[in-house]
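These notes are about the structure you will find just below.
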């Protein structure tokens, strides 16, 4: 077995690998790109979908108390007025006085090893002046002000204030406004949850760090409704569940840090929040969050809509607004953490071998089938037979006959394919194939009739 060499991959290397192997591309690249947008290629889509299905299996399909919804991206603007997003969904913005380029003030402070936690806009302005912090272009900065990050657009033929709607900046509100529909149609008993996977949009001042801070992203969120006196029990429960899921998708636990938010840094709707931060190549940054949102959201939507959102408890004969535990996952950040965790470099006879050590359950490709030589019809025919059988069973099976076997192995390693299956001349006689393991580089002969069970036993 090869010994893994610990490698803190740099972003340039990771971005290059993602493009070279069809995981992620710059959005609109042939036109010079668009900042904060990224397109997923075939292997990126497969990896993303596998992460989604892992999350959905754990938090939805394996439970009786979770109900998945898919709310519209465009919502009545009153939703965002009631939730406070129109008035307060903002980041601190500061402008280069010469170039007029805009930057996040808190990010500039962090880049200068100054924590912005608990700072007001005036505090940030004063620190920038006192420390003589310049823009990335080396120019003086202006005063710090708030910048609302919501994208606005118009619906219908008229473009006036009455037609203004917003691209949702989070998926959570789509669940809160559908809470009554779930109550009326499904009749769940407390505790129960709503789950949603979907797009969100934020007009980030300075998108950066590849998939980490973007303008269009994917969220996987849960709103779990509980009795007020039970909130601590379920908060602790979801702490454990989130940790388990990180492990299930292969996020390196040694790079994961649990941060208890201070009272000064809590959102106005929260009495307790934990951030799960990950050691990305660009620093320790937020990966996911767990928040106790009290009954804030149901309360503001009850007031804004003038409809009762109270839960009637059959046991106690009481009416009350449930309190909410919110486990929140950024899908793109999770995928990035999985990529960073999976990256491996090991020494070999050619110098260094690079591979992505995905767990088989989430690997974009489970196995790759190859004929030893692509110009030998008998080998190709047998390989196609094996490929077709495995493809119909597992789906995530690829075909590769490009280049010599060594090049194919290297290519599949960088895709993260756990097993390469090679049909050679001996296969025609003994109905066996060579199976090469991605992590160890070792090879063994396996009967074609046993390939299905060989793979099945290793991907569960």
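The values are calculated or read from the model by the stated rules, or taken from the named source; none is laboratory data. What you are looking at is a predicted structure, and each value in this text was computed from that prediction instead of being measured. With ideal geometry, Cβ positions are generated from the backbone for all residues, glycine too; neighbour counts draw on all protein chains shown.
All of (1) within 16 Å of residue 437 (Cβ to Cβ); (2) out of contact with any strand residue (DSSP E or B) (no Cβ under 8 Å at 6 or more places or on another chain); (3) touching a residue at least 60 places away in the same chain (Cβ under 8 Å) hold for residue 346 with one exception: (2).
Considering the range 8-29, and only residues there that are surrounded by 14 or more Cβ atoms within 10 Å (Cβ to Cβ) and outside any helix (DSSP H, G or I), the residue that is modelled with the lowest pLDDT turns out to be 9. When 458, 384 are screened for being surrounded by fewer than 21 Cβ atoms within 10 Å (Cβ to Cβ), part of a helix (DSSP H, G or I) and at pLDDT below 95, only 458 passes. Flag: residue 333 matches the condition of being in a helix (DSSP H, G or I), at pLDDT 95 or above and in the same structural domain as residue 18 (by TED's automatic domain parsing).
Condition (residue is out of contact with any strand residue (DSSP E or B) (no Cβ under 9 Å at 6 or more places or on another chain) and touching a residue at least 24 places away in the same chain (Cβ under 8 Å)) applied to the range 83-95: is it met by at least one residue? Yes - at least one qualifying residue is present in the range 83-95.
Out of all the residues in the range 186-214, which are within 15 Å of the chain's Cα centre (by Cα), surrounded by fewer than 18 Cβ atoms within 10 Å (Cβ to Cβ) and outside any loop (DSSP other than H, G, I, E, B)? Answer for the range 186-214, where residues must be within 15 Å of the chain's Cα centre (by Cα), surrounded by fewer than 18 Cβ atoms within 10 Å (Cβ to Cβ) and outside any loop (DSSP other than H, G, I, E, B): just 199.
The combined condition, being touching a strand residue (DSSP E or B) at 6+ places or on another chain (Cβ under 9 Å), surrounded by 15 or more Cβ atoms within 10 Å (Cβ to Cβ), under 20 Å from residue 190 (Cβ atoms) and at pLDDT 95 or above, is not fulfilled by residue 243. Across the range 400-432, the number of residues qualifying as in contact with a helix residue (DSSP H, G or I) (Cβ under 8 Å, 6 or more places away or on another chain) and outside any loop (DSSP other than H, G, I, E, B) comes to 10.
You will find that of 113, 76, the residue that is loosely packed, with under 15 Cβ neighbours inside 10 Å, out of contact with any strand residue (DSSP E or B) (no Cβ under 6 Å at 6 or more places or on another chain) and at pLDDT 95 or above is 76 and no other. Taken over the range 79-88, the criterion of being out of contact with any helix residue (DSSP H, G or I) (no Cβ under 6 Å at 6 or more places or on another chain) and either assigned by TED's automatic domain parsing to the domain that holds residue 297 or part of a helix (DSSP H, G or I) (or both) is satisfied by 81, 85, 87, 88. Among residues of the range 439-452 that are on the phi > 0 side of the Ramachandran plot, those with a beta-carbon under 7 Å from a residue that is surrounded by 13 or more Cβ atoms within 10 Å (Cβ to Cβ) at least six positions away or on a different chain give the pairs 441/2. Among the residues of this structure, residue 298 does not count as one that is touching a residue at least 60 places away in the same chain (Cβ under 8 Å), under 16 Å from residue 252 (Cα atoms) and touching a strand residue (DSSP E or B) at 6+ places or on another chain (Cβ under 9 Å). Among the residues making up the range 132-163, those that are touching a residue at least 12 places away in the same chain (Cβ under 8 Å), surrounded by 12 or more Cβ atoms within 10 Å (Cβ to Cβ) and part of a loop (DSSP other than H, G, I, E, B) are 133, 135, 136, 139, 140, 142, 143, 144, 149, 150, 155.
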